[in-house]
Amino acid sequence: MRIALFSALLASTALADVTVNGTVNAFILDGGVKALDEFGNDLRYIEHRVDTARDIPLFSDRFTGASVAAHNKWAQSILTQTVTVGAGAMTLNASAITTINTYSTLLTVPKFRGFVDGALVARMRIRPVNLPQTNALAEAGFGNALTNAAPTDGAFVRWTASGDFQCVSNRGGAETSTTMAAPAAGVYSIITVRAFGDKVDCRVETPTSGADELATITLPSGAPSAFNESPSGFLRVVNGAVAPALAPQLVAGIFEVNTKVLDIDRPSQTTAAISGFSGAYNPLTGAQSTNHANSTSPTSATLSNTAAGYATLGGRFQFAAPAGATTDYALFGFQVPASYRLIVTGINISTCNTVVAVATTPTIMDWGIAVDSTAVSLATADAIAATPTSAPRRQPLGHQGFVVGAAAGACAPNVTVTFASPITVESGRFFHVVLQVHTGTATATEIFRGDVFVDAHWEQ
C-alpha cells in the first residue's frame, strides 16, 4: 500500500472508500483504517506488523528466439504434438492435431515451494485456442505431470475434457477443484495461481473484455502444506481417448514464478542461475555454451584477427605455436543471443605446452577481453551510419610465458581475474577472448592447449 494512500486515509475524518483500478483497497470507519489486498481480502500482517518485503522473481521466460529453451528452463514431455516458439510466444500443440492420446507438456527445470504466509505465485499471459471443448484437456500453473497422466502435485487452472474450466489444488494426487468462468478463447488473459499455506487462489483477468474472476480453494485441515512434493511450473495440452472436434492449443507470451511477502536474501546471479540463466547454457536453446565436448580434444583453432577461432563462451582450445606478432587474435568470439544481456563476473585461463618442447624463442601470450563489438572481427570500427557499428572495447587480463626448452607438459600459471564491476555485453553484440602472441616462433608440431572459463550469467 502506498504511503500516499495511507496519508490520504489518515487525513480523512469521514467514512470513505479508496478505490484503485476499480477495487476498494481501504476504507475508514470510526477513525480506523482497514486495508484490503487486490482481491478485496483483509491484508495479512505477520507478527502483527506491516511487512515491507518485495515480490521476489524465481523464474521467467518471455519466449524469445525460435525454439524452446530446453534443459536450462524447460523439460519437455511430448508425444506427436509439437511445441514452437516465434514472435515472442510459445505454442503447445503447434501442429494443431486432434490425434487421440497425444500431448505436449512443458515443465520448468527448477521446482518451487512456498511459505506459510508467503504465496508462491505463477503468473502467465495465455491465449487459449479451441478451449474449453469436449475431449481436450489443458492445464497451466504449478504441477508435476508427465505424459498424459494426471498430476501428482500442483496448483493450477484446468480446461477440462468435459468442457469446463476449473481452479485445482492437487496434493499427492488428491484433488480439490472449483469451477470458474473460462477465459475467452482466441485472446490473451492474465492467469495468476497463488499457493499459500492455507489456500490456493486462481485469478483470470481478460484485459480486452474487463472480465476478472477470483476462485479460492481452502486446503484440507489434514494437509500439512499445499504440496506433497515441490512442483514445477507447467503448461500442457492433452487430446483425450476420443478425438476433439478442433485442435486445442495454448499460446503463452509470458510465464513467470514469484514468491510474495517473504524476502529471500539471494544474490542476483543466484536467482538468474535458478531461473535457467546460468552461463553454462545458451539461454535461447539450453545447449551447452562452451567448447567442451565429451571425451574429445578440441580442434585446432585458426588464429585470426577477423574471425573467431571458436564461436563459444570459452571452453577448451588449442593451436599451433605462431610466430611472434602484434596481431590480436579472436580466439573466442561469442555473440549474445537476441533479447539477452551477458553479465561476466570473472574469467580464468589455463595454458599448457604439448607435443614438443619450446625451441629457439620463448613464447609470451598477452591475454585480454573485448566487449560489445557489433561484429566478430576485432577490426570492426565505430561508425554512425544507416546501420551503425561499434568497435570492440578491449581490456587486458595478463600474461603467460614459456621459456626456451619448456618441455611438453609444461603449464603456465593461470590468468585469473574477478571483475568487481561486472562486464556487460548487450543483445546481438560480441564477447571476445583476445590473445596476442607478441614473442614466439612458428612451430607446427608445438601445440598449446588450455581452457577458458567465463564466469557469467544472463539477463532477459
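The values are calculated or read from the model by the stated rules, or taken from the named source; none is laboratory data. Worth saying up front: this structure is predicted, and the values here are computed from it rather than measured. Heads up: the accessible areas ignore ligands, DNA and RNA and are worked out on the full protein's heavy atoms, side chains in. Shrake-Rupley method; radii C 1.70, N 1.55, O 1.52, S 1.80 Å.
For segment 190-304, what is the accessible area per residue in Å², given a 1.4 Å probe and the full set of protein chains?
Working: 4900 Å² over 115 residues.
Ligands and nucleic acids excluded, the result is 43 Å² per residue.
Do you know the relative contact order of the chain, to the nearest whole percent, from alpha carbon pairs under 8 angstrom that are 6+ apart? Please list the in-between numbers first.
On the way: 1288 pairs, mean separation 71.6, N = 460.
After rounding, I find 16 percent.
Expressed as a whole percentage, what fraction of the accessible surface of the chain belongs to carbon and sulfur atoms when a 1.4 Å probe is rolled over the protein heavy atoms?
On the way: 11040 of 20210 Å².
Roughly 55 percent, rounded to a whole number.
Compute the accessible area per residue over segment 317-446, keeping the other protein chains in place, probe 1.4 Å, unit Å². Walk me through the numbers before you get to the answer.
Numbers: 5450 Å² over 130 residues.
Heavy-atom accessible area per residue stands at 42 Å².
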